[in-house]
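**Student:** Encoded as C-alpha cells, here's the structure I'll be asking about.
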Amino acid sequence: VIGASPCAAQDPGALARAGTDAIDQQRFGDALEAFTKAAARRPHDPNLSFGAGLAAFMLGRSVTAQAHFERALALNPRSVAAAEWLGDLHYREGRLQEALAIYEAAERHSPDAPALQQRLAECRKELELQSRFLELRTSHFIALFERRADEGFARVVVDRLEAAYSRIGAVLGVSPSQPITVVLYTREQFDEITKLAAWSSAAYDGRIRMPIDRGTVDRSELDRVLSHEFVHAVVATIAGRTVPTWVNEGLATALEPASDPPADDSRRHEARGLALSALHGPFVRLSKRDAEAAYASAAQAVRRLIEERGVTAIVALLKDLGSGVPFAKAFHQRTAMRYKDFAARLTRGASAN
Ligand SMILES: [Zn+2]
C-alpha cells in the first residue's frame, strides 16, 4: 500500500540494512521481503539479489532462490558466494550437471578460490560416478544404483519408501509434491561423498543417500532407516532449512515404524533429557554416544509435543517456518506454549526421573 510505510523504509539502502539484520536474526521471511523490494528498486546491485536468494534458499523456496542467485551472478560473475550458493542449490536438487557448469564458470572468473575448487572437484567426481548409475522409478521415488546386480535391492528400497510415503502421509496429512531420489552407494562411495560420521546409516541432503550394505540388515531396520530419511524429505518440503535439528530428527525418529523391541538399538532406551537449546545445530559432528543421547532427547521432546498438542500442531509449526516465521514465535502460536517453558519443563522432567 503506497504511503503505508515511512519513506526511509522504502529506500534501497535502508531496505538492505533491514534485510541483513533479518538474516542475522534468522527472520528469513522478513529478509526475503526487504531484499526483494530493495532489488526491485536497485536492479543492478548484485548484493540485493544475493540477499534475496539467500533468504529464499533458507525458506526452501528453490525456484525463487535460483532466480535471485542467477541474477546476482549475471550482475557480478566474479561473486564466488553467489556461485557457491547457486551451485549448492542445483546440487541438492540432484542437478549435478548444472552445479558443475556453475562451478566451472565461477572458477574461470575466480581461479584462486580454494573452497570453490574443492566443490568443483567433488562435483565432477560425483557426476562421473553417477553417470554410470542405473535408474528405477515408482510413482514417488527414483532409485539410482551402480550395478545391475543391485536392482533387486533397489526395488525393495523403493517399495519400502512407497509404504513409508503412504504411512507418513496419512499421519502428517502432507506429502512431498516432487519425486524423491534415493541414491544407493557402496559403503566406500557413501563415506566419500557424504563425509558423515561412521555411525550414520543414511542421509538426506535434498536426496536420500544410503549405503547398499544396509541390504544385509533385516527388513524392519531397513524400513526404519528409509522411513526416517523420508520424514526429513517431507520436513524439507514443508519447512525449508531453518528447522531446529531436534525437531527434524525428533520427528523422523518418533515416526519410525513401530517394531519389535530393538535389542541392539540403545538410542531408544536412554533419553537423557539434554537441553533442547543445545540441539538446534547438526548432530553429524557428534560422537556415536553423544549422537545417541541427542536423538533420544529429540525424540522424547517431539513425542511429548505430539501427546500434548497433536501432530497437526507440529505440521502447522513447520508450515510457519516455511513461510518465514521465526521458530520461537511459530512454536508459541502453534502450541500455545512458550518454547523456553516447554524446554525447561522437559529438562526438569528428565532430571526428576
Ligand atoms: Zn535423521
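The values are calculated or read from the model by the stated rules, or taken from the named source; none is laboratory data. The structure presented is a predicted model; accordingly, all values stated were derived computationally and were not measured. Please note: Cβ atoms are built from the backbone with ideal geometry, for glycine as well, and neighbour counts cover all protein chains shown. Calculation scope for accessible area: heavy atoms of the full protein, side chains included, ligands and nucleic acids excluded. Shrake-Rupley method; radii C 1.70, N 1.55, O 1.52, S 1.80 Å.
**Student:** May I ask you to list pairs of residues, at least six apart or on different chains, whose Cβ atoms are under 6 Å apart, with the first in region 146-160 being within 13 Å of F230 (Cβ to Cβ) and the second being among the aromatic types (F, W, Y) and not in a helix (DSSP H, G or I)?
**Tutor:** Correct list of pairs: V158/F141.
**Student:** The conditions are (1) closer than 28 Å to P257 by Cβ; (2) assigned to a helix (DSSP H, G or I), and Q178 fails exactly one of them. Which is it?
**Tutor:** The failed condition is (2).
**Student:** Hey, among the residues in region 188-209 that are part of a loop (DSSP other than H, G, I, E, B) and open to solvent by 60 Å² or more (accessible area, probe 1.4 Å), which one's nearest to the ligand (Cβ to nearest atom)?
**Tutor:** W199
**Student:** Could you tell me which residue of region 267-277 is nearest to the ligand (Cβ to nearest atom), considering only residues that are modelled with pLDDT of 85 or more and open to solvent by less than 60 Å² (accessible area, probe 1.4 Å)?
**Tutor:** L276
**Student:** Given the criteria closer than 21 Å to S200 by Cβ and either modelled with pLDDT of 90 or more or within 16 Å of the ligand (Cβ to nearest atom) (or both), does L305 qualify?
**Tutor:** no
**Student:** Looking at (1) open to solvent by less than 40 Å² (accessible area, probe 1.4 Å); (2) under 19 Å from M58 (Cβ atoms); (3) not charged (D, E, K, R), which one does A328 not meet, given that it meets all the others?
**Tutor:** Unmet condition: (1).
**Student:** Same structure, new question: Go through region 310-321 and give me each residue that's surrounded by fewer than 23 Cβ atoms within 10 Å (Cβ to Cβ) and under 22 Å from A22 (Cβ atoms).
**Tutor:** Across region 310-321, the qualifying residues are K319, D320.
**Student:** Would you confirm whether any residue within region 122-136 is assigned to a helix (DSSP H, G or I), touching a residue at least 24 places away in the same chain (Cβ under 8 Å), closer than 19 Å to K195 by Cβ and touching a Phe, Trp or Tyr at 6+ places or on another chain (Cβ under 8 Å)?
**Tutor:** Scanning region 122-136, I find at least one residue that is assigned to a helix (DSSP H, G or I), touching a residue at least 24 places away in the same chain (Cβ under 8 Å), closer than 19 Å to K195 by Cβ and touching a Phe, Trp or Tyr at 6+ places or on another chain (Cβ under 8 Å), so the answer is yes.
**Student:** Still on this structure: Residues that are touching a helix residue (DSSP H, G or I) at 6+ places or on another chain (Cβ under 7 Å) and without any contact (Cβ under 8 Å) to a residue 12 or more places away in the chain, at least 1 per element: which helices (runs of 4 or more DSSP H) completely within region 286-338 meet that?
**Tutor:** By residue number, 327-335.
**Student:** Hey, could you check region 278-289 for residues that are closer than 13 Å to T245 by Cβ and loosely packed, with under 14 Cβ neighbours inside 10 Å and say which is farthest from the ligand (Cβ to nearest atom)?
**Tutor:** So the residue we want is A278.
**Student:** Another one. Out of region 178-187, which residues are under 21 Å from V231 (Cβ atoms) and either open to solvent by 20 Å² or more (accessible area, probe 1.4 Å) or among the charged types (D, E, K, R) (or both)?
**Tutor:** Answer for region 178-187, where residues must be under 21 Å from V231 (Cβ atoms) and either open to solvent by 20 Å² or more (accessible area, probe 1.4 Å) or among the charged types (D, E, K, R) (or both): Q178, P179, T181.
**Student:** Would you confirm whether any residue within region 170-177 is on the phi < 0 side of the Ramachandran plot, more than 16 Å from the chain's Cα centre (by Cα) and open to solvent by less than 10 Å² (accessible area, probe 1.4 Å)?
**Tutor:** No: zero hits.
**Student:** Mind checking which residues of region 217-244 are within 15 Å of the ligand (Cβ to nearest atom) and not in a helix (DSSP H, G or I)?
**Tutor:** R241, V243, P244
**Student:** If I ask for residues that are crowded, with 24+ Cβ neighbours inside 10 Å and farther than 16 Å from T242 by Cβ, which ones from region 53-73 would you list?
**Tutor:** H68, F69, A72, L73
**Student:** So, one more: May I ask you to list pairs of residues, at least six apart or on different chains, whose Cβ atoms are under 6 Å apart, with the first in region 78-103 being acidic (D, E) and the second being open to solvent by less than 70 Å² (accessible area, probe 1.4 Å) and in a helix (DSSP H, G or I)?
**Tutor:** E98/H90
Per-residue answers, yes or no, for (1) open to solvent by 10 Å² or more (accessible area, probe 1.4 Å); (2) under 24 Å from the mean Cα position of the chain (by Cα); (3) under 30 Å from A143 (Cβ atoms):
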{"position": "T20", "(1), (2), (3)": "yes, yes, no"}
{"position": "D24", "(1), (2), (3)": "yes, yes, no"}
{"position": "R27", "(1), (2), (3)": "yes, yes, no"}
{"position": "A38", "(1), (2), (3)": "no, no, no"}
{"position": "E84", "(1), (2), (3)": "yes, yes, yes"}
{"position": "Q97", "(1), (2), (3)": "yes, yes, yes"}
{"position": "I102", "(1), (2), (3)": "yes, yes, yes"}
{"position": "H109", "(1), (2), (3)": "yes, no, no"}
{"position": "L129", "(1), (2), (3)": "yes, yes, yes"}
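**Student:** For the structure I just gave you, tell me whether R241 is open to solvent by 50 Å² or more (accessible area, probe 1.4 Å) and modelled with pLDDT of 90 or more.
**Tutor:** It is true that R241 is open to solvent by 50 Å² or more (accessible area, probe 1.4 Å) and modelled with pLDDT of 90 or more.
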